[in-house]
Amino acid sequence: MPFAKTLRVLAICLTASLLVPTPQAAANPLNLPDWVKPGSQIVFEVTVAGSAGAAAGYTVLDVVSVTPQGVVFDETILSQNHGQQGLALTKWHPLTVDPITILAGMSYIARPQDLAQIPSGKKITVSRGTWDVNGKPTDAVFRTLIHSSRQNYVDANDPTKTVVRDDERMVIQQAFDANTGVLLNDVSRQYESATVFNDKGEPLNPHTRVALGSTKSFRHARDLSGAPWMNQSWPAWTQTLRGLEYAGAVHVSPPGVPPFAIPFRSRLSVTDRGDGWVRGTITSVQGDAMSGGGVPEESPFFCTVNSLGNLWMSPDALIATANLAANNQGVVDREPVTGTTTYCQREGNNVSIMLQTTNGDQMVSVYDLQSGLVVRKIIKRGPMGQVLDVTLQNRF
């Protein structure tokens, strides 16, 4: 199991709110509604189906910052594994930038002022109406985008036949909240079609199939800006940090087989920094030459000043989060849509933060209160009872 999947825990809090349109912020470089700010979180239910199978789950988007280039999100995906109960943390994209352009097919946010005047065109159809959001009719703007690429060529086996193939025909149907600009629904379909014509132009065997389809539906929004871990002032050593090294083992306890351990090590290298975030790569190795392993795998990592469970946090934020948990039986939050629960506990000079998903997976980060750095990471997940346990070896 790649160590990259241990390095992100959802930022969640005890307060929740629906998106409410508010006046524009004077310093907002994109002229967006005030709710689009660090600390905002939106949750979408997602389904995907294609030739390789189907999947379902949720996408959680945390706003990291708003820049002239777009809104920077920390995007987390929780999926429903086939044949298992509950949701598992399966993937996150270290950096997602939504350019907030009405022509972008995959935007999560659109400016309400753009929605008010968006025109229909050759490949874009626009209409207005209402959309049901958790039982409440909401003013919405609907648009349909069509992209297609057609190729004509002669059948290599029979020059009297011509093949017309639409290789990249995609239809995207979206609904946006007319007042807040948030995406309410997105249905995307990618089609593959091919028709063979004879020398008289008559179709012989038209064929069309849906190659890939996905649906995103808005489910919930929260304002986390008041959480004790938000807008942290990171320790000074993070400004010059070049990398970290961890080592340990993957412990496996399959049914009917004696438990065994596989050596594991990883090296994290910082590549660049931005407004409230640090980005880099992780090179991890599971196994060794004796066990036939030891092949390096590379993946990204991403830390932000407004997330819980990063590789490092402000010591003050750690203490404040632990105090919040102590007054709530150890619970920091239980996210209402995904059911994900976060716990926190102080133990002497350490603070432990644990994320537990609804399928029973657990991810524990143990922080040193003096430096704010994760000194131990424990991941319990998978049907074979896998436990990844690593400790800090070096900071450089």
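The values are calculated or read from the model by the stated rules, or taken from the named source; none is laboratory data. Keep in mind that what you see is a predicted model, and the values were worked out from it rather than measured. Don't worry about glycine lacking a Cβ; one is built from the backbone with ideal geometry, like all the others, and counts go over all protein chains shown.
Which one is farthest from the chain's Cα centre (by Cα), of the residues in the range 107-131 that are touching a residue at least 40 places away in the same chain (Cβ under 8 Å) and in a loop (DSSP other than H, G, I, E, B)?
Looking at residues that are touching a residue at least 40 places away in the same chain (Cβ under 8 Å) and in a loop (DSSP other than H, G, I, E, B), I get ARG111.
Condition first: free of Cβ contacts under 8 Å to residues at least 40 places away in the same chain, of a type in the set (S, T, N, Q) and in contact with a Cys (Cβ under 9 Å, 6 or more places away or on another chain). Can you find one or more residues in the range 344-366 that meet it?
Residues of the range 344-366 that are free of Cβ contacts under 8 Å to residues at least 40 places away in the same chain, as a first pass: 344-352, 354, 356, 362, 364, 366.
Narrowing the set further to residues that are of a type in the set (S, T, N, Q) leaves 345, 349-350, 352, 356, 362.
With the extra rule that they be in contact with a Cys (Cβ under 9 Å, 6 or more places away or on another chain), the set shrinks to 352.
Yes, the range 344-366 has at least one match.
Could you please find all residues in the range 231-254 being in a loop (DSSP other than H, G, I, E, B) and either crowded, with 16+ Cβ neighbours inside 10 Å or in contact (Cβ under 8 Å) with a residue 40 or more places away in the chain (or both)? It would help to see each step written out before you state the result.
Our first condition is that a residue be in a loop (DSSP other than H, G, I, E, B); within the range 231-254, this holds for 231-235, 240-242, 253-254.
ASN231, GLN232, SER233, TRP234, PRO235, LEU241, ARG242, SER253, PRO254, listed by residue number.
Could we say that ARG381 is basic (Lys, Arg), under 20 Å from ASN231 (Cα atoms), surrounded by 16 or more Cβ atoms within 10 Å (Cβ to Cβ) and at pLDDT below 90 here? Steps first, answer last, please.
Numbers: basic (Lys, Arg): yes; under 20 Å from ASN231 (Cα atoms): no; surrounded by 16 or more Cβ atoms within 10 Å (Cβ to Cβ): yes; at pLDDT below 90: yes.
No, not satisfied.
Condition check ((1) of a type in the set (Phe, Trp, Tyr); (2) buried (at least 16 other Cβ atoms within 10 Å of the Cβ); (3) over 22 Å from TRP312 (Cβ atoms)) across all residues:
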site: LEU324; (1), (2), (3): no, yes, no
site: VAL331; (1), (2), (3): no, no, yes
site: THR338; (1), (2), (3): no, yes, yes
site: ARG346; (1), (2), (3): no, yes, no
site: ASN349; (1), (2), (3): no, no, no
site: ILE353; (1), (2), (3): no, yes, no
site: GLY372; (1), (2), (3): no, yes, no
site: GLN386; (1), (2), (3): no, yes, yes
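Among the residues of the range 56-75, are any assigned to a loop (DSSP other than H, G, I, E, B), touching a helix residue (DSSP H, G or I) at 6+ places or on another chain (Cβ under 8 Å), modelled with pLDDT under 90 and of a type outside the set (Asp, Glu)?
no
Please count how many residues of the range 173-230 are at pLDDT below 65 and surrounded by 15 or more Cβ atoms within 10 Å (Cβ to Cβ).
Of the residues in the range 173-230, 6 are at pLDDT below 65 and surrounded by 15 or more Cβ atoms within 10 Å (Cβ to Cβ).
Going through the range 319-342 one residue at a time, which ones are more than 14 Å from PRO228 (Cα to Cα) and not polar (S, T, N, Q)?
Correct list: GLY330, ARG334, GLU335, PRO336, VAL337, GLY339.
Could you go through the range 333-343 and let me know if any residue there is within 17 Å of GLY372 (Cβ to Cβ) and in contact (Cβ under 8 Å) with a residue 24 or more places away in the chain. Give the derivation first.
From the range 333-343, those within 17 Å of GLY372 (Cβ to Cβ) are none; that's our starting set.
Checked against the condition, which is being within 17 Å of GLY372 (Cβ to Cβ) and in contact (Cβ under 8 Å) with a residue 24 or more places away in the chain, the range 333-343 yields no hits at all.
Does ASN306 satisfy the criteria of being crowded, with 16+ Cβ neighbours inside 10 Å and in a loop (DSSP other than H, G, I, E, B)?
Numbers: crowded, with 16+ Cβ neighbours inside 10 Å: yes; in a loop (DSSP other than H, G, I, E, B): yes.
Here the answer is yes, as ASN306 does meet what is asked.
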